[in-house]
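No lab work stands behind these numbers, since they all come straight from the coordinates. None of these values were measured; they are calculated from a predicted model. Glycine gets a Cβ as well: all are built from the backbone with ideal geometry, and neighbour counts include every protein chain shown.
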């Protein structure tokens with residue numbers, strides 16, 4: 001759930017990595033249910049090892065025990081995942097420092113995922129088969145709160161019944177029922193007269209609303225099996241959208257797709273979830289007629305099915321259906337263009353030339369994949385295959401004291417908001433601004449008796465954030481190791497608020513709102529330019 005929250009590194013990682021003369025060692029422990037204490041068998045426990053192609057792996061036995069052997073001195077992120085189930089809530093991680101001696105009692109306490117089951121019925125209480133029932137979460141992403149698909153989901157059977165397993169406990173989710181026909185003809189056979197068309201099922205939020213604002217959220221307890229979660233699906237008059245898709249040479253036979261928005265497939269702060277969209281292929285004249293649509297906002301796309309090829313074409317447009325058909329809609333699918341960029345220093349370069357490269361990726365918000373690469377600091381670069389749509393720009397760099405200060409486009413920061421290449425002005429490009437005055441904050445977390453506390457989540461909040469949306473984008477999160485220690489990645493100098501809590505945070509407006517209101521009550525730390533800071537903490541909480 002926290003893909004974009006950079007983890008603290010273990011405080012001693014840099015020291016341990018260089019101690020190659022010390023013997024290798026083992027890490028062992030038990031995987032067990034956090035609520036009942038019962039051991040969990042068939043969990044895969046693994047960690048990557050520097051210089052090795054394969055992870056070191058162990059499977060838990062009937063007593064829930066595992067042992068990872070032959071680990072050189074270093075800092076490790078050890079993960080445990082069920083070998084039998086997939087979905088949220090199944091992977092846990094521990095940060096462990098190994099220094100030549102075996103490390104024992106690195107246990108994993110698993111909150112068992114939950115299950116939701118129920119039935120989808122129509123207004124006559126008749127079952128509705130072949131309906132997708134999906135989890136939806138509300139969270140901040142690129143500065144704004146929105147609705148996004150979460151994994152997993154389910155589909156109703158012939159009796160209208162569904163079951164969704166592997167649901168993360170303690171997290172609020174909405175349920176959305178949607179009947180989707182994935183294969184679309186180029187020209188729908190629906191009658192031209194709207195009064196002769198059958199009413200169509202509408203996206204419906206649990207328990208029976210077409211408006212997401214009146215949806216009811218569900219939060220499961222660990223291992224809970226919530227039954228009888230029934231959804232009454234609404235119906236609407238059927239509307240059509242007709243038009244033409246154009247390629248570089250004019251109207252053409254192209255692949256087209258249509259998907260309702262908010263939520264839709266695409267990126268989110270938790271990594272993104274992608275569904276197959278209803279789609280088809282036009283005839284040579286490029287014309288299409290899509291029907292069985294209900295009122296709402298849709299993204300209509302056209303082009304090649306796969307847009308990663310240098311010769312591919314793609315285009316999209318948002319359409320809004322209210323109470324009538326849409327005619328003459330035009331979708332222009334053109335080739336991707338080149339986006340010029342440069343990596344620069346915010347001031348004079350450092351005395352020692354930088355050999356590490358900055359990784360820059362340009363990720364489309366509503367399609368799978370990314371474009372970009374690793375680039376010199378300083379230097380210029382070109383990103384090919386950019387279409388006139390929205391993107392998220394990710395820029396990462398790993399070197400002591402150096403960090404990405406900002407990313408701009410057309411003199412506007414796009415680090416915490418979408419990149420829109422179509423809005424470019426003459427001479428504009430992507431600009432990655434680097435700085436070399438960064439430092440780190442080392443945290444030592446002990447309980448009230450002075451004992452180190454492992455597996456706490458250390459949150460680092462820049463004091464200069466101006467909104468909840470910005471806080472959600474800029475917060476850093478990491479975990480303490482067995483010595484209660486962790487160190488942030490390289491940060492810009494300035495003031496920070498730091499707290500250690502017992503669970504990871506999500507990007508929901510509820511969680512971020514509580515952090516925003518209580519941030520000034522956390523430990524305040526001033527990080528000097530090109531320096532470091534140490535802080536001692538006791539376990540805290542989000543108030």
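Observations
- Per-pair calculated FRET efficiency, R0 = 25 Å: residue 374 and residue 351 via Cβ, rounded to 0.05: 0.60
- Cα-derived Rg over Rh, computed across the stretch 269-376 with Rh taken as Kirkwood radius: 1.12
- Measuring between their Cα centroids, the stretch 314-336 and the stretch 355-382 lie 30 Å from each other.
- Among 102, 506, a tally of other beta-carbon atoms within 10 Å of each Cβ gives an order, fewest to most, of 102, 506.
- Placing a label point 7 Å from the Cα of residue 340 along the Cα-to-Cβ direction, the residues of the stretch 356-370 with a backbone N closer than 20 Å are 360-362.
- Least to most buried among 543, 392, 161 (fewest other Cβ within 10 Å first): 543, 161, 392
- The chain shape via C-alpha gyration tensor axes, a/c threshold 1.5: oblate
- Against the chain, whose longest principal axis comes from its Cα atoms, helix 509-518 is set at around 40 degrees.
- Between the stretch 91-120 and the stretch 402-468, the alpha-carbon center distance in angstrom: 28 Å
- Global geometry of the stretch 431-490, whether rounded, prolate or oblate, following the gyration tensor of its Cα atoms and the 1.5 cut on a/c: prolate
- Cα gyration tensor category, rounded, prolate or oblate, for the stretch 336-435 with a/c compared to 1.5: prolate
- Per-residue Cβ neighbour counts within 10 Å put 434, 275, 69 in the sequence 69, 275, 434, beginning with the fewest.
- Among beta bridges identified by DSSP and lying wholly in the stretch 294-452, the antiparallel ones come to about 90 percent.
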